Structures are given as C-alpha cells and as structure tokens.
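To start, the structure under review is shown below, and the notes come after it.
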Amino acid sequence: MQTENQVLIPGSLLSLAKEAMDKAQKSGALLSIDTFESFIEDGGVRFVLRTISSLAEKAKSRIKLAENKKNVNSHSPVHNPFLPYEEDMFVSGISNTHLCLLNKFKVIDNHLLIVTREFEHQNTLLNRKDFAALWLCLNEFDGLGFYNGGEIAGASQAHKHLQLIPLGMSEEVSSVPLCVLFPTDGSPGAMLQISSLPFKHCFAYHGIPLSAMAEDAADRLYALYREMLQKTRLNKKSDKEDASHTGPYNLLVTRKWIFLVPRSVECVKTISVNALGFAGGLLAKNKEEIQIISDIGPMTILKKTGISL
C-alpha cells in the first residue's frame, strides 16, 4: 500500500486503484451510481448514453452537484474535498506535485482523479507538472485523460484536477466514440480541423512515444496545449503559466492525440455536458432527459454547448 509522500511506482496504478476501490466500497466511502447504457447514432457517431437508474444515487448526485456549484466560483480552498482528501479515496502519490484519488461518485470503473497536492484553482492554466502527472498515469493503462476548464465546461470543484478513465467508455466501445470522425493520420504537432464536427476545436496527433520521459512528454503536450489556446483565442502565447484561462474549454488527451474544445454554455435544457460529451458520452438523469437528447440529437447538443462554426 502506498503512502501519500511516495511517487508512483511504474506498473502499480491499476492494482492500487483496485485495492482502493475495494476498500472504499466496503467502507461506504465510494458511491457507485447505477446506470443503464444505451446508444444513439448521430452525425456518424455512436454516442454512449448512460442513464441513472437508482433514485437513491440520483438524489446523492444532485446534492453533490448543488454543493459543487457553491465551491467552483471561489478561489478559496474552503470546503475543498481534496485538501484534505478523504483517506478512503486515496490511490497513490504520482509525483512531488500530484496525487491520484478515486472519483467518489463512480459511474465508470477506474475513474481516477489527478489532483494537485497544494491548492491551485481549476480556472488557472494547466502547466508542465500537470501534463507530466497525466503522462505518468497514461503510461499505466490506455486511457482518456480530460480536463474541465471552468464551471461552464463542467468543472465541479475549484481545486485543480484532471481526470482519467479507461479508453473504452463502454463494454461495447473499445475507444472514444468520436474517434470515428478523427483523421486516420497526421503529422505530429500539426493542428487539424475535423470537417464533420460542427463546433470550434483544435486537434493534433502529438507523436509522443510511450517510452518518453514524463518531463519530455509534458513539454510536448504543454506546447501543443498553449498553441491550441492561442488558436481558439482563450489565451495569448505570452501569458504566464499561472495565469487564469480567459474562457471555458474542455481538453481531452490520449496516448496518441490532444483535443481542445472551447465552450459557450454548460447545458442544453437540462442536459449538462463536460469533456466526456466531446468524447461521445452523455449522462441522463431520467427518461425525460433521454427523450431530450434523442429529440435534439447528441451532435447538436455538442454544437450548442461548444461554439458553433
């Protein structure tokens, strides 16, 4: 079992996550939100739709959302669930600057949080240390890392944290659903526009080998991230690393690519969208919301919550 002061031992993250989940489930600290899964075809993408099936857990998730709305607007770490974090949520130290915790409200197995050890606000720019911690975790399993930059982008806590889930968002989906629209190849670092996406975005294959040192991978990812922010007019290239971003956005990163989407609004009607929406996954609280998503269409929901071209 790891202690907080240790850093990540290569090859250990999944076993540590399983150990932590087993312990947290037994203690009742980990709250699994039961969902049933369905699929909606739209815009050439087979979107994964999860619908909350447990009334009890739905109530808990609503309480969480209400509490989080109060926290995310404040630059103060008051009522911060990550500082101090709940002991049963601890998975592993990652680096000298980051920890790995379980996501307390579990919809997907091995949904992990990459959290700064010291308080940094979720509205500040990601830095090289954030990307180094993410790359260390991506080396452990083939996953989807993501960041909700600001409340409008789905941020639920003010303390800076990235998130990581297994790359297959469903037992029936081996990768990110939106990948079917991505170009099959591209020069590493080249900013690509995906013509079938009806919202502003930046996409690039980063070309980083898994064997790369975390610091080298972080330099590459950070440079691409800052270029994407500049191209979408969210921040100037000359901005300091500790600056706040100038608009909401979602960032998604895998072992192969990096994808940034500026945001305009959090919701369409009652449908809230975070970074996973732009991977091809949406969450509905009830049958009424299933109908809303079906009537509007998932791709149109992404267009309305992003910035239309």
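Derivation of every value follows stated rules applied to the coordinates shown; laboratory data play no part. Computed from a predicted structure; not experimentally measured. Backbone-built Cβ (ideal geometry, glycine too); neighbour counts: all protein chains shown.
With unit charges on the beta carbon (Lys/Arg positive, Asp/Glu negative), name the residue among Ser196, Gly207, Ser15 whose Cα is farthest towards the positive pole of the charge dipole of region 13-305.
Selected residue: Ser196.
If Lys and Arg each add +1 and Asp and Glu each add -1, what is the summed charge of the other residues whose beta carbon sits under 15 Å from the beta carbon of Asp295?
Combined, the nearby Lys, Arg, Asp and Glu give 0.
Between Asn250, Asn235, Asn148, where does the largest GNM mean-square fluctuation fall for the chain, given springs only between Cα atoms within less than 10 Å?
Asn235
Just want the ordering: Thr254, Thr270, from fewest to most Cβ atoms lying within 10 Å of their own Cβ.
Placing the least packed residue first, the sequence is Thr270, Thr254.
I'd like the GluC sites (Glu not before Pro) in region 1-42 restricted to DSSP loop residues with at most 14 other Cβ atoms within 10 Å, sorted by number.
Qualifying residues, ordered by number: Glu4.
How much length, in nm to one decimal, is gained on full extension between Asp219 and Asp242, taken as 0.36 nm per residue of separation minus their Cα-Cα distance?
Taking 0.36 nm per residue and subtracting the Cα distance, the gain is 6.7 nm.
Using 0.36 nm times the number of residues separating Phe36 and Ser53, minus their current alpha carbon distance, what extension gain do you get?
That pair, Phe36 and Ser53, stretches by 5.5 nm at full extension.
GNM on the chain, C-alpha springs below 10 Å: top fluctuator among His79, His206, His245?
Ranking His79, His206, His245 by mean-square fluctuation puts His79 first.
Restricting to Cα pairs below 8 Å that are 6+ residues apart, what does the relative contact order work out to for region 107-258? Please round to a whole percent.
Dividing the mean separation by the residue count of region 107-258 yields 33 percent.
To the nearest 20 debye, what is the magnitude of the charge dipole of the chain about its Cα centre, counting +1 on the Cβ of each Lys and Arg and -1 on the Cβ of each Asp and Glu?
Rounded to the nearest 20 debye, it is 840 debye.
Answer with one residue from Gly154, Val268, Leu283: the one whose Cα lies farthest towards the positive end of the charge dipole of the chain, charges on Cβ with Lys, Arg +1 and Asp, Glu -1.
Towards the positive end, the residue furthest out is Val268.
Would you pull out the residues with amide H under 5 Å of Phe39's amide H, same chain only if 5 or more places away, H placed 1.01 Å from N?
Result for Phe39 returns Leu49.
Explain nothing, just the number: relative contact order of region 13-305, from Cα pairs under 8 Å at least 6 residues apart, as a whole percent.
Relative contact order comes out at 21 percent.
With only alpha-carbon pairs counted, each pair once and no self-pairs, how large is the Kirkwood hydrodynamic radius of region 13-305 in angstroms?
19.3 Å
Of Val180, Val45, Val107, which has the largest mean-square fluctuation in a 10 Å C-alpha GNM of the chain?
Val180
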